[in-house]
Amino acid sequence: MKIIVISYPNRYPNEASIINDLFKNGLDILHLRKPLYSKEAMCYLLDMINIEYHNRIVIHSHYDLYLNNIYDLNGIHLTKDSKNYINKYINTTSKVSVSTHSFDEVLLFKDKTRYMFISPVFDSISKENYKSNISIEKLKNNSYINKLVALGGIQNINIESIKKLNLYGIALLGHIWKKNHEIENFKIIKEIVNCL
């Protein structure tokens, strides 16, 4: 099961250094989600991240940085605003992932993406009043389980129920960035995932 961390959406103190440390400690994939960043700001942050980790970074905007080989990145992620253009992107690259919020959406995108975020699985840590609407039981019985990445409220107290599902992965945001001690929080999750 892959462990994916989604970047804090706004500026974050010492972010590049923290990202480098996350990778050093075994992070599989980083989703760089900076909805308000200009292309220049995105490039500045990418330039601060060790080049050896670029091929484990997926971007949520400024797709030309990947599509035009400006950086050796891991792919692009389509969000609410960009997933209507999925056919345009899948004709360009096979390294496309997408955000989904229902099993109907999973069925819509299952053959077009390498993996799909499905959320919220638990009540969100980073978004207030963003309550779980994905049933663990339904997840368990989904035939596309190996393409799903659980997102939303995942932390050390509930990871065990997710690990048993054999998903493609888990995505962490609030558990990493909202609680400080980013590296320690990540290490605990990684240890739990590796032990189960």
Looking at (1) at negative phi; (2) out of contact with any Gly (no Cβ under 6 Å at 6 or more places or on another chain); (3) touching a residue at least 12 places away in the same chain (Cβ under 8 Å); (4) assigned to a loop (DSSP other than H, G, I, E, B), which one does GLY153 not meet, given that it meets all the others? (1)
Going by what's in this entry, would SER7 be described as of a type outside the set (Val, Ile, Thr) and under 30 Å from GLU160 (Cβ atoms)? yes
Within the range 174-191, track down each residue that is crowded, with 16+ Cβ neighbours inside 10 Å and either over 22 Å from SER135 (Cβ atoms) or touching a Phe, Trp or Tyr at 6+ places or on another chain (Cβ under 8 Å) (or both). ILE176, TRP177, GLU182, ASN185, PHE186, ILE189, LYS190
Given the conditions (1) at pLDDT 95 or above; (2) surrounded by 14 or more Cβ atoms within 10 Å (Cβ to Cβ), which single one is not true for MET1? (1)
Residues of the range 113-130 being part of a loop (DSSP other than H, G, I, E, B) and more than 17 Å from LYS178 (Cα to Cα), in sequence order, are THR113, ARG114, SER119, VAL121
Of all residues in the range 134-160, which are modelled with pLDDT under 85 and surrounded by 13 or more Cβ atoms within 10 Å (Cβ to Cβ)? ILE134, ILE136, LEU139, LYS140, ASN142, TYR144, ILE145
Residues (outside any helix (DSSP H, G or I) and either more than 17 Å from SER124 (Cβ to Cβ) or at pLDDT 90 or above (or both)) located in the range 161-191: LYS164, LEU165, ASN166, LEU167, TYR168, GLY169, ILE170, ALA171, LEU172, LEU173, ASN180, HIS181
Could you please find all residues in the range 1-24 being part of a helix (DSSP H, G or I) and either farther than 19 Å from SER126 by Cβ or without any contact (Cβ under 8 Å) to a residue 24 or more places away in the chain (or both)? ALA16, SER17, ASN20, ASP21, PHE23, LYS24
Report every pair of residues separated by at least 6 positions or lying on different chains whose Cβ atoms are under 7 Å apart, first residue within the range 122-147 and more than 20 Å from VAL5 (Cβ to Cβ), second of a type in the set (Lys, Arg). TYR144/LYS110
With the requirement that a residue be outside any helix (DSSP H, G or I), touching a helix residue (DSSP H, G or I) at 6+ places or on another chain (Cβ under 9 Å) and not small (Gly, Ala, Ser), what does the range 96-112 give you? VAL96, VAL98, THR100, LYS110, LYS112
With the requirement that a residue be assigned to a helix (DSSP H, G or I) and under 24 Å from VAL106 (Cα atoms), what does the range 64-95 give you? LYS83, ASN84, TYR85, ILE86, ASN87, LYS88, TYR89, ILE90
Within the range 151-186, take every residue that is charged (D, E, K, R) and over 17 Å from the mean Cα position of the chain (by Cα) and give me the one that is nearest to SER7 (Cα to Cα). LYS179
What tally of residues in the range 25-63 results from selecting those that are at negative phi and either part of a loop (DSSP other than H, G, I, E, B) or of a type in the set (Val, Ile, Thr) (or both)? 19
From the list ASN50, ASN91, ASN69, exactly one residue is under 21 Å from LEU172 (Cβ atoms) and out of contact with any strand residue (DSSP E or B) (no Cβ under 9 Å at 6 or more places or on another chain). Which is it? ASN50
Considering only the range 66-97, state which residues are over 25 Å from GLY26 (Cβ atoms) and surrounded by 19 or more Cβ atoms within 10 Å (Cβ to Cβ). LEU78, LYS83, TYR89
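The values are calculated or read from the model by the stated rules, or taken from the named source; none is laboratory data. In this text, all values refer to a predicted model and were calculated from it rather than measured experimentally. FYI the Cβ positions are ideal-geometry reconstructions off the backbone, even for glycines, and counts take in every protein chain you see.
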